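Below you'll find the structure, written out as structure tokens, and then a few comments.
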Amino acid sequence: MADIIIQIAAVLIFLAILCGVIRLVLGRTLVDRIVAVDMLTVISISLIALYAHVSGRFVYIDVALVYGLLSFLAVLAIARFLEKGL
């Protein structure tokens, strides 16, 4: 039963990646594309967490946390740049 749930989660993650890439390509404004990149980073964090669970190596959770923190700081920097410039 757990294997089926993991497979369903993997399929949903890859569908979300597909939607994010479509939004990245078809985004009309710069803000749309930035939101799409941020969404792709969140999805990749979930993919890292899923891989950590499947492989049994939970050190990848630390990698996902650091990646999430860096992604958050990058989005803040970009938002500040777009709002009033650096």
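We did not get these values from a lab; they are worked out from the coordinates using the rules stated. It should be emphasised that the depicted structure is a prediction, and the values quoted were computed from it without experimental measurement. All Cβ positions, glycine included, derive from the backbone under ideal geometry; neighbour counts span all protein chains shown.
The chymotrypsin sites (Phe, Trp or Tyr not before Pro) found in region 2-85 that occupy coil by DSSP, while having at most 15 further C-beta atoms within 10 Å, are 58. Taking 0.36 nm per residue of separation and subtracting the current Cα-Cα distance, fully stretching the chain between residue 12 and residue 72 would add 19.3 nm.
Applying 0.36 nm per residue to the separation of residue 25 and residue 84 and subtracting their alpha-carbon distance, the gain on full extension is 18.7 nm.
Its DSSP H runs of at least 4 residues, each contributing -39,500 (n - 2.57), put the calculated 222 nm mean residue ellipticity of the chain at -32000 deg cm²/dmol, to the nearest 500.
Rg/Rh for the chain stands at 1.07; both radii use Cα atoms, and Rh follows the Kirkwood definition.
Using C-alpha pairs below 8 Å separated by at least 6 residues, the relative contact order for region 9-86 is 24 percent.
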